[in-house]
Amino acid sequence: MLETQTPPAERNKTDETLPRGADSVGRDAVALILQQAGKSADEIAALATLDAADKSAESQFSGGAPTITSLFGTVKAREFDAGKFAPSPEVGRVMGESLQFLLERKKTNQLLDHQRMLFRDDVLFGLSRIGFFGLAIPREYGGSGARLGDLGPLLRALTFIHPDLAVMFEVHNFLGPVTPILDFGTKEQKEYYLPKMASGELLGSFALTEPGVGADPSRLSMTARLEGDQYLVNGVKWPITNVIYGGVCILVVKLEGHNLKPGRDSGMLIFEVPKQDNAQFRMVRNDLTAFDYLWNARFRLMDCPVPAKNLLGPPSKGLAQAFSSLAKGRGGIGVNSAAKTFKLLAQIILDPEVQAANNNELSENASGSHQSNAGEPSGGGWTSFRATFGKPIGCSPRIQTWVGRATCHGLAGRVLGDLCFRLAANGVRDETQGMIAKVYATKGLLQAAINAYQIQGGRSVHTDERRKYTRADAQGTGSLAQMPAHPIENYIGENMHEFTIATVYEGPNPVLADVGAPNAMTRDIRSKFLEPIGVAELEQKFGLIPKAKFGWFILKSVLGSFNPWVGDLQGIENQFEDKKQLIRRALRRNRKLGRQILMIIARYQKSFMDQSFLLGDEGGVFDKLCHSLASLVFALSLDRSHDKKNDPYLHVAFALDLEAEIKMKGQDHSPKLQRKWAEVGRQMMDRDSQLHRDLIADIVVSDIPLDPRFVDRYI
């Protein structure tokens, strides 16, 4: 929103003067108020640019964000219902055939090309023939027309087969060209590119990040200079996932030649990646420890020509369009992180020897390994047979608590991700909800990974020999012949980077929680109330009318937050008393958080956005809101009247609700919550329980590092 750095005293002498009267709340208002709050010119430029992009992105969607409405008004609870998985027959067929094909390839070790560190070409060709890459593309362009709400279960399944498959699918569809072209492309762009992406001829990627430009995309340095009927593009993008030679990439750039003002000069270009390096293009693959079977690269463009017709959307809207795509992608991160959480739990609870024996692959060495005494874990894996002080470690209240907490957070994270897909599919941009799904699920995954690492102990640091020798052999070293007869595997320790990277991509968690979310939660209040007040003060007026309007808004919101019957439950299916109480408590918490936001604004006024420790993560409003909404969306997913004593999912719902209540008090846990988590954890480690059967029983796990039951294999 900053168009000039002219000092306030001189601004009245220019054509860029601040308008008077009712029109004074213009696009410069935020910049001027930030300046009065003591922000530097660079800070104002960055914040104002992002704010303008956010507002523009919101204008491309219909309906208000239910999360924001729940903070300051009466919301329909059904707006938070993630809905049910109900794909069309065509979509269901493509999904089913794709998963069957991938599972068969994984079983026969024909999924990965260890030499090139990519998925095998014939795997990608096979998926292309099935229609995998066109799932999210409308049928008129050669796809299957899947709705976003159809894709959550597919992403979970892909994560279980190989997490890089899910990332490839997400980047291609949500961040990569499919979503931006569908949302902003011309008829010609859609007709040319979408069929090629549906057939798998073009694999898509999305290039926003640059060296030193990650969390603050307002400082983009890649430029696209319009000359005649083409742009000459210069700059570096780094690191970019899925960007392959001969693919198609969405570039977010600074436009030159359109007479756009600084901060409003972003654009989006469809870039057909050359099939090899040339004088205008250089690309180097990054050697990553996460996404290591995907092509992730850094590339430089040097006066690289891109046809002017490849401008995607109008000039000046590049960042806004990028933000709208990111909002959809964050739901996928929530879904994937939840799936990885359950895979981690399976790794410490299930017995790979029993799984192998059931497939007639090993001897009876494992027979009876899952047997246990009453009340002890019976999953057969590490938590069952690893004993400490005379009992399986799964009997430890601490480990039961860890397993139960991971289960609760995984279930809630999964539903939060599905909800993001449903909202986006219905044309609703709830930016805060997307951040909540991403931050909540990835924090839960990271905590689960740390706890699983601790449960497995020193074995978590051993090299995964199967991976080591297999990859080395693919490079022509002949190492496979040297691999031990019983190679040591290490799923947890070798994949810690996979569990931690989720907290970073598509916006680092601290940035989303401390900057993005407070900005999203307060944007409407700023534009409706604070900007008019700030402009009036800058004009040396008292601003009685805008202050009275803001005061009335605060009064209504505060009084409304005390309403015990807050929230509209109409349209909620399968209502029963416990479910209704859980929903209403969550909605009341949200109104209390809205009240807290208003009190923070009133106390800190122009500097309230600096109060990240109050508005953001680690006990701030956003942190509390994450847990409140996790409780709400999971309660809405309860699908029938439950037996409070025996139903495990109701136990999970009550645990999430209690955690949210405790968070509201500024605490992290309590003995009562620990006991609830422990009860859920015990059920997860019981192979006869519903939670165990539903969530982890069918997950294939790798061998336990240096499995102590088979010492002779290793010595």
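Residues in the stretch 148-188 that are closer than 22 Å to LEU445 by Cβ and of a type in the set (Asp, Glu): ASP164, GLU170. A search for C-beta distances below 7 Å between a residue of the stretch 195-213 that is touching a residue at least 24 places away in the same chain (Cβ under 8 Å) and assigned to a helix (DSSP H, G or I) and any residue that is surrounded by 22 or more Cβ atoms within 10 Å (Cβ to Cβ) and of a type outside the set (A, V, I, L, M, F, W, C), counting only pairs 6+ apart in sequence or on different chains, returns MET197/PRO177; MET197/GLY204; ALA198/GLY134; ALA198/GLY143. Scanning the stretch 537-573 for residues that are charged (D, E, K, R) and in a loop (DSSP other than H, G, I, E, B) yields GLU539, LYS541, GLU573.
Just a yes or no: is a residue in the stretch 259-280 at pLDDT below 95 and of a type in the set (A, V, I, L, M)? Yes. With respect to ALA448, determine if the residue is crowded, with 24+ Cβ neighbours inside 10 Å, more than 14 Å from the chain's Cα centre (by Cα) and among the small types (Gly, Ala, Ser). Taking the combined requirement at face value, the residue satisfies it.
Could you tell me whether any residue of the stretch 655-669 is in contact with a Ser or Thr (Cβ under 6 Å, 6 or more places away or on another chain), of a type in the set (Asp, Glu), surrounded by 15 or more Cβ atoms within 10 Å (Cβ to Cβ) and over 19 Å from THR341 (Cα atoms)? Give the steps one after another, and end with the answer.
In the first step, residues of the stretch 655-669 are kept if they are in contact with a Ser or Thr (Cβ under 6 Å, 6 or more places away or on another chain); the result is 656-657, 660, 662.
Pick out the ones that are also of a type in the set (Asp, Glu) and you get 657.
From what's left, surrounded by 15 or more Cβ atoms within 10 Å (Cβ to Cβ): 657.
Add one more test, that the residue is over 19 Å from THR341 (Cα atoms), and what stays is 657.
Within the stretch 655-669, one or more residues are in contact with a Ser or Thr (Cβ under 6 Å, 6 or more places away or on another chain), of a type in the set (Asp, Glu), surrounded by 15 or more Cβ atoms within 10 Å (Cβ to Cβ) and over 19 Å from THR341 (Cα atoms).
The condition (being crowded, with 18+ Cβ neighbours inside 10 Å and modelled with pLDDT of 90 or more) is satisfied by just one residue among TYR469, TYR505, TYR491: TYR491.
Any chance you could count how many residues in the stretch 183-192 are in a helix (DSSP H, G or I), more than 17 Å from VAL252 (Cβ to Cβ) and not acidic (Asp, Glu)? Result for the stretch 183-192: 3. Restricted to helices (runs of 4 or more DSSP H) entirely inside the stretch 40-111, those with at least 3 residues that are at pLDDT 90 or above are 66-72, 89-107.
Can you tell me how many residues within the stretch 459-483 are touching a Lys or Arg at 6+ places or on another chain (Cβ under 9 Å) and without any contact (Cβ under 8 Å) to a residue 60 or more places away in the chain? The qualifying residues number 2. For ALA437, state whether it is at pLDDT below 90, of a type in the set (A, V, I, L, M) and surrounded by 24 or more Cβ atoms within 10 Å (Cβ to Cβ). No: the conditions fail for ALA437. Suppose the filter is among the hydroxyl-bearing types (Ser, Thr, Tyr) and either in a helix (DSSP H, G or I) or free of Cβ contacts under 8 Å to residues at least 12 places away in the same chain (or both); does SER144 pass it? No. Being crowded, with 21+ Cβ neighbours inside 10 Å and under 28 Å from the mean Cα position of the chain (by Cα) is true for just one of GLY212, GLY204, GLY200. Which residue is that? None of the others qualify; the one that does is GLY204.
What are the residue pairs meeting all of these: first residue in the stretch 655-672, first residue farther than 21 Å from LEU587 by Cβ and of a type outside the set (Lys, Arg), second residue assigned to a helix (DSSP H, G or I) and modelled with pLDDT of 95 or more, Cβ atoms under 8 Å, and 6 or more apart or on different chains? The qualifying pairs are ASP668/ILE662; HIS669/GLU659; HIS669/ILE662; SER670/LEU658; SER670/ILE662. For the stretch 411-428, residues that are surrounded by 24 or more Cβ atoms within 10 Å (Cβ to Cβ) and either over 13 Å from the mean Cα position of the chain (by Cα) or outside any helix (DSSP H, G or I) (or both) total 4. The residues in the stretch 76-132 that are surrounded by fewer than 17 Cβ atoms within 10 Å (Cβ to Cβ), of a type in the set (A, V, I, L, M, F, W, C) and farther than 20 Å from SER199 by Cα can be counted, and the count is 3.
The values are calculated or read from the model by the stated rules, or taken from the named source; none is laboratory data. For clarity, every value in this text was computed on a predicted model and none was experimentally measured. Positions of Cβ are backbone-derived with ideal geometry, glycine not excepted, and every protein chain shown enters the neighbour counts.
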